[in-house]
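The values are calculated or read from the model by the stated rules, or taken from the named source; none is laboratory data. Just so we're clear, the structure is a prediction, and the values are computed from it rather than from any experiment. All Cβ positions, glycine included, derive from the backbone under ideal geometry; neighbour counts span all protein chains shown.
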Amino acid sequence: MHGDGLKPEKTYRALDAEAMATAFAVNTIGPALIAKHVLPLLARDRKTVFAAISARVGSIADNRLGGWHAYRASKAALNMAVRNFAIELAVRNKHAVCVALHPGTVDTGLSKPFQAGVAAEKLFTAEYSAAAMLKVLDAATAERSGTLIAWDGQTIPF
């Protein structure tokens, strides 16, 4: 997340409380509050899906570069919230799927400053990414509930 004075931190020395609060508000709290109101409405007699957009950089296990502290932490917190929601939801709704999705690197203004190191075949249009994530959701089962799934269907470890 960047813009309006927000940018990924390269070091912990760049941490800013206001920027961190904004990252958590957008990436964690917003989706969690949507879940609060949507999850009770999911049908119980057939497969229904709740998905939140997360990011591979929110994976604690997959983090090998550090940096981007507020963004990474807010996405890791979102992943934990999705896991918690899935556990709670499974008690009342055995058909429900609740997942976090990694859309890949999408060619947007948000990713533009970070595209230099992205291979051309790994930089997706919004349409491609959305179609890929819909395919993942169509294939998702309740057994995958509570996981972070990439655009290509691979599970990303938390």
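Give just the number: which of (1) modelled with pLDDT under 95; (2) under 17 Å from the mean Cα position of the chain (by Cα); (3) over 30 Å from residue 17 (Cα atoms) does residue 120 not satisfy?
So residue 120 meets the others, but not (2).
Identify, please: which residue in region 1-27 is part of a loop (DSSP other than H, G, I, E, B) and among the acidic types (Asp, Glu) and is, among those, modelled with the lowest pLDDT?
So the residue we want is 4.
Please find, among 74, 111, the residue that is of a type in the set (Gly, Ala, Ser), farther than 12 Å from residue 50 by Cβ, without any contact (Cβ under 8 Å) to a residue 40 or more places away in the chain and out of contact with any Pro (no Cβ under 8 Å at 6 or more places or on another chain). Even if it seems obvious, please write down each step before you answer.
Numbers: 74 fails: without any contact (Cβ under 8 Å) to a residue 40 or more places away in the chain.
Selected residue: 111, the only one of 74, 111 that is of a type in the set (Gly, Ala, Ser), farther than 12 Å from residue 50 by Cβ, without any contact (Cβ under 8 Å) to a residue 40 or more places away in the chain and out of contact with any Pro (no Cβ under 8 Å at 6 or more places or on another chain).
If you go through region 56-70, how many residues are farther than 20 Å from residue 83 by Cβ, surrounded by 13 or more Cβ atoms within 10 Å (Cβ to Cβ) and not aliphatic (A, V, I, L, M)?
3
Checking residue 151 against (1) aromatic (Phe, Trp, Tyr); (2) within 27 Å of residue 36 (Cβ to Cβ); (3) out of contact with any Phe, Trp or Tyr (no Cβ under 9 Å at 6 or more places or on another chain), which single condition isn't satisfied?
Unmet condition: (3).
Out of 130, 96, report the one residue that is surrounded by fewer than 17 Cβ atoms within 10 Å (Cβ to Cβ) and over 28 Å from residue 10 (Cβ atoms).
After ruling out the rest, the residue left standing is 130.
Can you find even one residue in region 136-157 that is surrounded by 14 or more Cβ atoms within 10 Å (Cβ to Cβ), among the β-branched types (Val, Ile, Thr) and touching a Gly at 6+ places or on another chain (Cβ under 7 Å)?
yes
Scan region 24-55 for residues that are closer than 24 Å to residue 105 by Cα, touching a His at 6+ places or on another chain (Cβ under 9 Å) and crowded, with 18+ Cβ neighbours inside 10 Å and jot them down.
Once the filter is applied, which keeps residues that are closer than 24 Å to residue 105 by Cα, touching a His at 6+ places or on another chain (Cβ under 9 Å) and crowded, with 18+ Cβ neighbours inside 10 Å, region 24-55 yields 54, 55.
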